[in-house]
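Novice: Take this structure, written in structure tokens, and hold onto it; I'll ask about it next.
The values are calculated or read from the model by the stated rules, or taken from the named source; none is laboratory data. Quick caveat, the model's predicted, so the values are computed rather than measured. Here the Cβ positions follow ideal geometry from the backbone for every residue, glycine too, while neighbour counts run over all protein chains shown. To get the accessible areas, we keep the full protein, side chains included, count just its heavy atoms, and leave off ligands, DNA and RNA. Shrake-Rupley method; radii C 1.70, N 1.55, O 1.52, S 1.80 Å.
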Amino acid sequence: MHWITRPGWLGNLLALAAGALTTLSLSPFDIWPLALVSMGVVYLGLRELTPRQAAGRGWCYGFGLFASGVSWVYVSIHDFGSAPPVLAGALTLGFVAGLALFFMLLGWVWARWLRQTAAPLLNTLLFAALWLALDALRGWVLTGFPWLYAGYSQLEGPLAGLAPLGGIWLLTFALALTATLLVELPQLLRQKVSLAGALILLIALWGGALGLGKHAWTTAKDQPITVAAMQGNVAQSIKWDPKKLEMQLLRYRDMTFRSQPADLIVWPETAVPILKEHAEGYLTMMSRFAQDRQSALITGVPIRQPNAEGELRYYNGLTTAGDAQGTYLKQKLVPFGEYVPLQDVLRGLIAFFDLPMSDFARGTPEQQLLQAKGFQIAPFICYEVVYPEFAAGLAAKSDILLTVSNDAWFGHSIGPLQHLQMAQMRALEAGRWMIRATNNGVTVLIDPHGRIVEQIPAFQEGVLYGEVTPMQGLTPYLQWRSWPLTVVCVLLLGWGLVRRRRD
């Protein structure tokens, strides 16, 4: 075991492999115990290292995590960004190496400021709090990349019952605390008080999760409504081709005209791939059709309108027709896909920095929810559904959740399935039904327990039919968000800093 805890390339290599284990705990592999193994290995590996050595080992862990978990970025850059393989590989490695810096920071802070001597129970609590703090930081810096949180492994795991209580944050905290307690078990067995505390924590987390697993935090507000979600399966290579515009518009029109009557018709992100102002005639036709059927239609469409300063800007948006009202402008944009950081420098260097529709502006936070058939619909466009706190803010005001996406950017990689898993977690956290309509899959209906009840296969054109029930009431997570756990973590980290200084 000493080669794990001591500095050296063997320990770093194990940390690299441990990072990859987290990816295997998530969709589409879903081997959830590997999340515990992964966290336990990195915790054990930092036990005896200096701050500099711990930073290096933490970086190795992060590199293993992101190299295995977000390798699908290469598909976007190479296949659809027209970057040569060498350049696409270099950009992907740079992205992965940059994300790994968050775990380098974790290792350094742990060894330099927080790691205690002869206090195994306190160490486990401090490490779990620090892990959560770095996850939150990663979801915020430079608009954030809240991907590959370990807690997602519990969507169908034994801790899932904690999600409505404290969201993905409580799930991740519980996993980190459990993993470190198992590592510290030999030390805890020598300290009766600490062992008793550890057992109380484990029973509270795991017993509480199992007990709450089937608890219904929300109730039906009205009768179910019928849904028809369109999956056009338009290849990304032709998505923005002007010559293929008519074909795409006719495809969604004909799919809708042929579909069974439904209360709510949903088209995916940018299903109408031209500016809304240029598609008014087409949208008016679809609105008349929806009104004749007494249906509500929601579709993705780019929108151009003035911002608060009067400047004409482009937005990735949703618009409504028929028995529906409202327009929504996307607030959380994908770097390089929807806007280009340092665009004055980067645009023109390679085709990837000039992707179609990569000059979107952010919608304002004060927007109203969409309304359809008299119900409040919380809209999330693609990337927005992966932000837990943002999603909770909209979900708390809603009756039904809706997310639309175009995951064709990621081809046949694991990226779209990870994206789907995060959407499922948002439904579980909120205790609400979610409609997920995508261009090429996976289009699904998700119940308030995060379970998929209807779906159509990826990479197939089709219409998904089903029912969703408007819900009322707030889960504890929607009511309190992450604040209770944040207070706990801040107090723990503050206590750890003070105690370390005294030592």
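Novice: With the dipole of the chain worked out from charges on the C-beta (+1 for Lys and Arg, -1 for Asp and Glu) around the Cα centre, which of I303, S27, T469 lies farthest toward the positive end?
Specialist: Value computed over the given set: S27.
Novice: Here's something else I'd like to know. For the stretch 1-68, take N as its residue count and report Rg(C-alpha) divided by 2.2 N^0.38 Å.
Specialist: On the way: Rg = 11.5 Å, N = 68, 2.2 N^0.38 = 10.9 Å.
In units of the 2.2 N^0.38 Å rule of thumb, it is 1.06.
Novice: If one puts a single equal scatterer on every Cα of the stretch 77-186 and applies the Debye formula without solvent, what log₁₀ I(q)/I(0) results at q = 0.14, 0.18, 0.21, 0.23 Å⁻¹?
Specialist: -0.70, -0.97, -1.14, -1.23
Novice: While we're here: Probe radius 1.4 Å, ligands and nucleic acids ignored: give me the carbon and sulfur share of the accessible area of the chain as a rounded percent.
Specialist: On the way: 12880 of 20720 Å².
C and S atoms contribute 62 percent here.
Novice: What spacing in nm lies between the two simple spin-label points modelled at Q368 and W206, each 7 Å away from Cα in the Cβ direction?
Specialist: The modelled label-to-label distance comes out at 5.0 nm.
Novice: What is the helix-to-structure angle for 9-25, meaning the angle in degrees between its Cα long axis and the longest Cα principal axis of the chain, kept from 0 to 90 and rounded to the nearest 10?
Specialist: Taking the Cα atoms of the chain, the angle to 9-25 is about 40 degrees.
Novice: For the pair K221 and L250, how long in nm is the line joining their label points, each one 7 Å along Cα→Cβ?
Specialist: Taking the simple label geometry, K221 and L250 are separated by 4.0 nm.
Novice: Moving on to the next point. Starting from the Cα-Cα distance between Q472 and V193, subtract it from 0.36 nm times their residue separation and give me the gain in nm to one decimal.
Specialist: Details: separation 279, 0.36 × 279 = 100.44 nm, distance 4.35 nm.
That pair, Q472 and V193, stretches by 96.1 nm at full extension.
Novice: Another question, then. Take every DSSP beta bridge whose two residues both sit in the stretch 212-344, then give the antiparallel share in percent to the nearest 5. Mind dumping the intermediate values first?
Specialist: Numbers: 14 of 21 bridges.
Restricted to the stretch 212-344, the bridges split so that about 65 percent are antiparallel.
Novice: Extending each Cα 7 Å along its Cβ direction at V141 and L101, get the distance between those two points in nm, one decimal.
Specialist: For the pair V141/L101, the computed spacing is 0.6 nm.
Novice: Principal axis lengths of the stretch 385-503 from Cα atoms, whole Å, largest first?
Specialist: The Cα atoms of the stretch 385-503 stretch 64, 35, 18 Å along their principal axes.
Novice: Give, as a single signed number, the net charge of other residues whose beta carbon lies under 14 Å from the beta carbon of Y328, with Lys and Arg counted +1 and Asp and Glu -1.
Specialist: Numbers: positive: K276, K330, K332, R362, K397; negative: E269, E366, E384.
Every neighbour counted, the sum reads +2.
Novice: Run the paramagnetic zone check for T5: 7 angstrom along Cα to Cβ, then residues of the stretch 96-126 with backbone nitrogen under 19 Å.
Specialist: Answer for this model: 107-108, 110-126.
Novice: Starting from the Cα gyration tensor of the stretch 191-239, take the square roots of the eigenvalues, sort them a ≥ b ≥ c, and report rounded, prolate or oblate (rounded when a/c is under 1.5, otherwise prolate if a/b is larger than b/c, else oblate). Could you put the intermediate results ahead of the total?
Specialist: On the way: a/c = 7.92, a/b = 2.06, b/c = 3.85.
It is oblate, given that a/c is not under 1.5 and a/b is not larger than b/c.
Novice: If you fit an axis through the alpha-carbon atoms of helix 51-69 and take the longest principal axis of the Cα set of the chain, what angle between them do you get, 0 to 90°, nearest 10?
Specialist: Helix 51-69 and the main axis of the chain meet at about 30 degrees.
Novice: State the antiparallel share, in %, of DSSP beta bridges confined to the chain, rounding to the nearest 5. Provide the component values of the computation, followed by the final result.
Specialist: Working: 35 of 53 bridges.
Percent antiparallel among DSSP bridges in the chain is about 65.
Novice: Right, here's the next one. With no solvent and one point on each alpha carbon, what is the Debye value of log10 I(q)/I(0) for the chain at q = 0.09 Å⁻¹?
Specialist: Calculated log10 I(q)/I(0) at the listed q: -0.65.
Novice: Could I ask something else about it? So, counting K/R as plus one and D/E as minus one, what does the shell of residues with Cβ under 15 Å around W495 add up to?
Specialist: Values: positive: R115, R499, R500, R501, R502; negative: D503.
Net local charge, W495 excluded: +4.
Novice: With a cut-off of at most 14 other beta carbons within 10 Å, and DSSP calling the residue loop, which GluC sites (Glu not before Pro) in the stretch 359-424 qualify? Please list them. Don't skip to the end; give the middle numbers.
Specialist: Values: sites: E366, E384, E389; in loops: E366.
When the GluC sites (Glu not before Pro) of the stretch 359-424 are filtered for loop state and at most 14 Cβ neighbours within 10 Å, E366 remain.
Novice: If you count, for each residue, the other Cβ atoms within 10 Å and average over each peptide, how do 197-207, 370-380 line up from highest to lowest? It would help to have the intermediate numbers written out before the result.
Specialist: Numbers: 197-207: 15.0, 370-380: 21.6.
Final packing ranking: 370-380, 197-207.
Novice: Let me ask another. Using only DSSP helix segments of four residues or longer, with each worth -39500 (n - 2.57), what per-residue ellipticity at 222 nm results for the chain after dividing by its residue count and rounding to 500? Write down the numbers at each step before the final one.
Specialist: Numbers: 18 runs with 217 residues, N = 503.
Calculated from helices alone, the mean residue ellipticity at 222 nm is -13500 deg cm²/dmol.
Novice: Can you give the local net charge around S398? Use residues other than it whose beta-carbon is closer than 13 angstrom to its beta-carbon, Lys and Arg +1, Asp and Glu -1. Provide the component values of the computation, followed by the final result.
Specialist: On the way: positive: K221, K397, R426, R432; negative: D399, E429.
Computed value for this residue: +2.
Novice: From the cross-link list K243/K330; K244/K330; K332/K397; K276/K373; K330/K397; K243/K332, which pairs have alpha carbons spaced over 20 Å apart?
Specialist: Numbers: K243/K330 27 Å; K244/K330 25 Å; K332/K397 18 Å; K276/K373 22 Å; K330/K397 17 Å; K243/K332 30 Å.
Among K243/K330; K244/K330; K332/K397; K276/K373; K330/K397; K243/K332, the Cα-Cα distance tops 20 Å for K243/K330; K244/K330; K276/K373; K243/K332.
Novice: Moving to a separate point now. Cα centroid distance between the stretch 444-472 and the stretch 1-35, in Å?
Specialist: 34 Å
Novice: Still on this structure: Leaving out ligands and nucleic acids, and using a 1.4 Å probe, what accessible area per residue does the chain come to in Å²? Write out the running numbers ahead of the final one.
Specialist: Working: 20720 Å² over 503 residues.
Each residue of the chain exposes 41 Å² on average to a 1.4 Å probe.
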